[in-house]
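Heads up: the structure comes next, in structure tokens.
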Amino acid sequence: IELMFATSAFSTVLSFITLVHTKELGPALSFVVEHSEIHLHFFLFSICSTIGQLFIFYTIKNFGAVVFAIIMTTRVLLSIALSCVLYGHEVGSTGFLGLMMVMGAVCYRIKRKAEGKQLISWQGIGDEKAMELVQEWHEHADM
């Protein structure tokens with residue numbers, strides 16, 4: 001929760017500095033004062049954002065950073081596909097190639113994890129301390 005607070009506080013300060021620097025603080029405050037219905041939207045957005053952050057922390061803590069990265073990558077790929085279907089946005093050949101590369105990497109990672117194999121295998125290490133070091137590295141990489 002401290003991390004969530006620190007991130008939000010930093011974001012608030014950075015947004016404030018940006019608004020002051022671009023001379024948009026006054027118009028932004030005027031908009032908020034003139035359109036009081038936006039307060040409900042701010043509140044709902046904050047609640048949804050907080051719940052989302054808690055889900056992120058829960059997923060990383062219980063399943064690891066790799067699983068979270070796979071979830072987020074899949075979510076982005078689905079968002080792009082939905083955008084193409086619903087709004088008729090087009091993905092060029094380079095974009096499509098990039099999407100296929102990302103999807104291939106995600107599928108490969110899932111396959112390796114399901115087989116119980118590590119992504120990287122170290123060769124030529126015979127000493128016990130070195131193997132402990134490799135295991136520790138893999139634990140941090142796989143979480």
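The values are calculated or read from the model by the stated rules, or taken from the named source; none is laboratory data. All values derive from a computational prediction rather than experimental measurement. No Cβ is skipped: glycine too gets one built from the backbone with ideal geometry, and neighbour counts run over all protein chains shown. Side chains are part of the model used for accessible areas, which takes the heavy atoms of the whole protein and leaves out ligands, DNA and RNA. Shrake-Rupley method; radii C 1.70, N 1.55, O 1.52, S 1.80 Å.
For the range 86-112, filtered to residues that are open to solvent by less than 60 Å² (accessible area, probe 1.4 Å) and touching a residue at least 24 places away in the same chain (Cβ under 8 Å), the residue that is farthest from residue 52 (Cα to Cα) is 109.
Note on the range 51-64: residues that are under 20 Å from residue 6 (Cα atoms) and either modelled with pLDDT under 85 or surrounded by 13 or more Cβ atoms within 10 Å (Cβ to Cβ) (or both) amount to 5.
So, residue 30, is that one surrounded by fewer than 12 Cβ atoms within 10 Å (Cβ to Cβ) and outside any helix (DSSP H, G or I) or not? No: the conditions fail for residue 30.
So which residues in the range 1-26 are assigned to a helix (DSSP H, G or I) and surrounded by 11 or more Cβ atoms within 10 Å (Cβ to Cβ), if there are any at all? Walk me through it before giving the result.
The initial filter retains those residues of the range 1-26 that are assigned to a helix (DSSP H, G or I), namely 2-21, 25-26.
Once the filter is applied, which keeps residues that are assigned to a helix (DSSP H, G or I) and surrounded by 11 or more Cβ atoms within 10 Å (Cβ to Cβ), the range 1-26 yields 4, 7, 8, 15, 16, 17, 18, 19, 20, 25.
When residue 46 is tested against (1) more than 17 Å from residue 7 (Cα to Cα); (2) open to solvent by 50 Å² or more (accessible area, probe 1.4 Å), just one condition goes unmet, and that condition is (1).
Mind checking whether some residue in the range 113-127 is out of contact with any strand residue (DSSP E or B) (no Cβ under 9 Å at 6 or more places or on another chain), β-branched (Val, Ile, Thr), modelled with pLDDT of 90 or more and over 30 Å from residue 11 (Cβ atoms)? First the steps, then the outcome.
Taking the range 113-127 as the starting set, the residues that turn out to be out of contact with any strand residue (DSSP E or B) (no Cβ under 9 Å at 6 or more places or on another chain) are 113-127.
Filter once more, so that each one left must be β-branched (Val, Ile, Thr): 120, 125.
Next, only the ones that are modelled with pLDDT of 90 or more stay: none.
No: the range 113-127 contains no residue that is out of contact with any strand residue (DSSP E or B) (no Cβ under 9 Å at 6 or more places or on another chain), β-branched (Val, Ile, Thr), modelled with pLDDT of 90 or more and over 30 Å from residue 11 (Cβ atoms).
Being assigned to a helix (DSSP H, G or I) and more than 18 Å from the chain's Cα centre (by Cα) is true of residue 43. Here residue 83 does not fit the description of being at pLDDT 95 or above, surrounded by 10 or more Cβ atoms within 10 Å (Cβ to Cβ) and part of a helix (DSSP H, G or I).
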